[in-house]
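Q: Below is one structure. I have some questions about it.
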Amino acid sequence: MDIILATSSKEPLFQQIKEQIIQQIFIGKLEEGDALPSMRALAKDLKVSVITTKRAYEELEREGYVVSTVGRGTFVAGQQPHVLKEWQMRELENELEKIVRSGKQIGLSKEELIELLEVYYEED
């Protein structure tokens, strides 16, 4: 499992871990039934507190991405298509927000930005 933490980010470490695990589920790198590393092993690999990985795993479980079994570990749960669609929409909205902000910084009008979007949309 590939997780890269940005210590300079304002986003909490547990949130970075959680989001990257969700992303790996979304792209199919982690599939239903796959075991996640133990909280201790992941904490050691990432050089963070076990409390940090515990919080990430607890949130993942609460949101239905993983299931934990005492004595067996934590596993990727089966994903409903609407859950994956919601994740895709959230990711797209985050990217669009960055693009709009960048466009405004260089002085693009809304119309120019829409025109660029249309050009790229038609290319694919």
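Q: Within 10 Å of each candidate Cβ there may be at most 13 other Cβ atoms; applying that plus a DSSP loop requirement, which GluC sites (Glu not before Pro) in segment 29-88 survive?
A: Filter output for segment 29-88: Glu31, Glu32, Glu63.
Q: Go ahead and estimate [θ] at 222 nm for the chain from helices alone: -39,500 (n - 2.57) per DSSP H run with n ≥ 4, summed, over the residue count, rounded to 500.
A: -19500 deg cm²/dmol
Q: For segment 1-44 and segment 94-117, what is the separation of their Cα centres, given in Å?
A: One Cα centre to the other: 30 Å.
Q: Taking only C-alpha pairs under 8 Å that are 6+ residues apart, what is the relative contact order of the chain in percent?
A: Over the chain, the number comes to 21 percent.
Q: Listed highest first by mean packing, meaning other Cβ atoms within 10 Å per residue, what order do 98-107, 8-17 come in?
A: 8-17, 98-107
Q: Follow-up question, since we're still on this one. Under 5 Å between amide hydrogens, which residues at least 5 positions from Val66 or on another chain qualify, with H placed 1.01 Å from N in the peptide plane?
A: Distant-sequence amide H within range of Val66: Glu61, Ala77.
Q: Still on this structure, please answer the following. Quick one: plug the Kirkwood hydrodynamic radius of segment 47-124 (C-alpha pairs) into Stokes-Einstein at 4 °C, 1.567 mPa s, and report D in µm²/s.
A: The Stokes-Einstein estimate is 81 µm²/s.
Q: Hey, another quick one. Whole-Å semi-axes of segment 1-101's equivalent ellipsoid, largest first, each the root of 5 times a Cα gyration tensor eigenvalue?
A: Each semi-axis is √(5λ); the values are 23, 19, 10 Å.
Q: Related question: Given a cut-off of 31 Å, name the pairs among Lys44/Lys104; Lys29/Lys104; Lys18/Lys98; Lys44/Lys85 whose C-alpha atoms lie farther apart than that in the structure shown.
A: Over 31 Å apart, Cα to Cα: Lys44/Lys104; Lys29/Lys104; Lys44/Lys85.
Q: Out of Leu92, Leu46, Leu60, any idea which swings most in a Gaussian network model of the chain, alpha carbons joined below 10 Å?
A: Leu92
Q: Based on the Kirkwood radius over alpha-carbon pairs, what value in µm²/s does the Stokes-Einstein equation return for the translational diffusion coefficient of segment 6-57 at 10 °C and 1.306 mPa s?
A: Value of D from the Cα-based Kirkwood radius: 138 µm²/s.
Q: Next up: Multiplying the sequence separation of Val100 and Ser8 by 0.36 nm and subtracting their Cα-Cα distance, what value in nm do you get?
A: 30.8 nm
Q: Continuing with the same structure: Run the accessible area of the chain with a 1.4 Å probe and give the carbon-and-sulfur part as a rounded percent.
A: C and S fraction of accessible area: 53 percent.
Q: Return one whole number: the accessible area per residue of the chain in Å², for a 1.4 Å probe.
A: 73 Å²
The values are calculated or read from the model by the stated rules, or taken from the named source; none is laboratory data. Remember, predicted model here, so these are calculated numbers, not experimental data. Positions of Cβ are backbone-derived with ideal geometry, glycine not excepted, and every protein chain shown enters the neighbour counts. Please note that ligands, DNA and RNA were not included when accessible areas were found on the heavy atoms of the full protein model with its side chains. Shrake-Rupley method; radii C 1.70, N 1.55, O 1.52, S 1.80 Å.
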